[in-house]
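Each reported figure results from applying straightforward, stated rules to the coordinates on display, with no laboratory input. Model, not experiment: these values are computed from the prediction. All Cβ positions, glycine included, derive from the backbone under ideal geometry; neighbour counts span all protein chains shown.
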Amino acid sequence: MVGKTLYDKLWDAHLVKQRDDGSALIYIDRHIIHEVTTPQAFEGLRMAGRKPWRVDSILATPDHNVPTTVKERASGVEGIEDPVSKIQVKTLDDNCDEFGILEFKINDKRQGIVHVIGPETGACLPGMTIVCGDSHTATNGALGALAHGIGTSEVEHVMATQCLVAKKMKNMLIKVEGQLGAGVTSKDVVLAIIAEIGTAGGTGYAVEFGGQVFRDMSMEGRMTVCNMAIEAGARAGMVAVDQTTIDYVQGRTYAPKGEDWDRAVASWKALVSDEDAVFDKVVEIDGSRIQPQVSWGTSPEMVLPVGATVPNPANESDPVKKAGIERALEYMGLKADQKITDIPVDRVFIGSCTNSRIEDIRAAAEVAKGRKVADSVIQAMVVPGSGQVKAEAEAEGLDKILEAAGFEWREPGCSMCLAMNADKLGNGEHCASTSNRNFEGRQGYGGRTHLVSPAMAAAAAVKGHFVDVREL
Amino acid sequence: MKSFTQLKGIAAPMDRANVDTDMIIPKNFLKSIKRTGFGKNLFDEIRYLDEGIPDQDCSGRPLNQEFPLNFPRYQGAKVLLARENFGCGSSREHAPWALDDYGFRAIIAPSYADIFYNNSFKNGLLPIILSAETVDQLFNEMYATEGYELAIDLEAQTVTTPSGESFQFDIDEFRKHCLLNGLDDIALTLREADAIRAYEERRKQEAPWLFGAVVPE
């Protein structure tokens, strides 16, 4: 018998029923919800007179709309200045109260970005199926779980039935061997992967990230990589369980304890692809050659090493791609063949479900220490991913280091990653951002996003333009 | 769910690869707690010349006259012609809601992002996949012919051009069945409630830590 991949094992363990027409019912262990993609799902439940199948599988928190300034946060939901945002956050509170769902409300110390609080509370565990109405749910795949984003109709479906109607995806292995150079981070690895396979390269696949680079990576780093699987088109990204995973999970609030812990660990150790497992596609990348990355365009695949120059559409023969480069250059206000290090930075955003965990804050603080944000930079902000990350960073004095360098230290939330709250770019402004999407208008109307690692973002803040953090 | 059987309607272009969900419906409009009313903000940032505000009356806003959906010839379009990887990015179902609310009932493209593809079916919006060459041909014919209409037959899985040329498309059996009959998938799944409960009982023995941990204090 041929071996199984990690994805095959997770799929098989959750298969409730395989139907004749090729679809399957997959059981969902954990459902994380937030304010933006759930109001219509709750409304659907009410209209049909249905109730959640298992309220104890659901964990809620508001994150997309919440303000991040200390002042606006001080009086909780009532203090949200944008009336439309306030209604959305209140609606989540009301729905959770009505159905008896655990919610970390706006000023609860455990509140944070959905994909940060899942792993850090132990609500998300290895071997689970995890869904959330947000495409970056694959973040949880770092635990050795099958995690992916779903739409609002599916949110309602999972609440009502504890299952998802799915079709098995294909298996892809992205293998990055070797050792990363100094100053090269998990963010650079995932951006380099997207540059290699393209923004649709993983469409239809569940991707496992394997190889020495991921074995050596921290859990936070693995989460950064899995988080951006969707930017390569893959709904789900995952990393096999090893001792790093088990050490991370142990002792967290909702992690199993006592005898359950021992049984759980024994079962989690099998969450690796078998030696003879067959993948439909394998991509191999030499980790030692990956450089710090900066995106220049309006798709995450439009990314280059910091030492490169902006592409020239004249060198592209495919007409659709050529038009794409021309449009991206125009939107981004860049010239063909311009050096990436000559792009000025107006704002800096360190945060988002991609890079707002403790090691990201530490990396930014390390660069910021003893330096100052350049005068030409209008704003540089650091937004921790959760109340827990914030408390941990403050205990280490990282907030003081960042503030001394001229960074703003904010309250947790999605913030300027998608600019649903007040944190946004002005028209035409360039931003060094640790988030995940550089789409047109993503961080504000007319805003220009450049995706980078936390260290590269902090370095750009200090210099006022992009710079190779290794040369700082 | 809304059913889909046959459709004949004007085709309109979205002639770019990798059209993302932020472009289809920008985030400022996701604050609504309703499923309807997103059509006026479909492609907001490229359709209008100013910045949109939720709930505003869009009838007086300056239109981008270079954006095809603003051309008189594409008014009332029901079929959107698009390029590779349409709907990439976020999981927001507001994207198909906006396309549907605007009046589109079908999209034709060489490929889609997975989540968008899935979300479309839940809303009676049919995302059809045809080869890049065929899509290119349809774009060219549409540009050359004002009032270019495509006929779509889901049962037969065909797209037919005004000249009578017909193209076959593939679709999952399950999705086709649900869409043709406008079936509610929650009701369908709940027919399997016994199988779900049996699975849960078995899992509670195998992995008890997966149950009961997360509840309000």
Where trypsin sites (Lys or Arg not before Pro) fall in DSSP loop in the stretch B:78-152, at most 11 other Cβ within 10 Å: none
Trypsin sites (Lys or Arg not before Pro) within the stretch A:358-393: DSSP coil, no more than 14 neighbouring Cβ in 10 Å: A:Lys369, A:Lys372
Cα centroid separation, the stretch B:122-161 to the stretch A:221-268 (Å): 44 Å
Paramagnetic reach from B:Asp170 in the stretch A:16-35 [backbone N under 20 Å; point 7 Å along Cα→Cβ]: A:19-24
Neighbourhood charge, 9 Å Cβ-Cβ cut-off, centred on A:Met416 and excluding it, Lys, Arg +1 and Asp, Glu -1: +1
Theoretical ellipticity at 222 nm over chain A - DSSP helices of four or more residues, -39500 (n - 2.57) apiece, nearest 500: -9500 deg cm²/dmol
Cα centroid of the stretch A:301-357 to Cα centroid of the stretch B:67-95, whole Å: 25 Å
Distant-in-sequence amide H partners of A:Glu408 (H built 1.01 Å from N, under 5 Å): A:Ala380, A:Met381, A:Val382
Shielding of B:190-203 by partner chains, average beta-carbon count, 10 Å: 4
Average other protein chain Cβ within 10 Å of Cβ, residues A:416-427: 2
A:Val70, A:Val241, A:Val207 arranged by Cβ crowding within 10 Å, fewest neighbours leading: A:Val70, A:Val241, A:Val207
Neighbour-count order for A:Arg110, A:Arg222, A:Arg410, fewest beta carbons within 10 angstrom listed first: A:Arg110, A:Arg410, A:Arg222
Inter-chain Cβ neighbour average for residues A:435-447, partner chain, 10 Å: 4
log10 of Debye I(q)/I(0), alpha-carbon scatterers only, for chain A at 0.14 Å⁻¹: -1.41
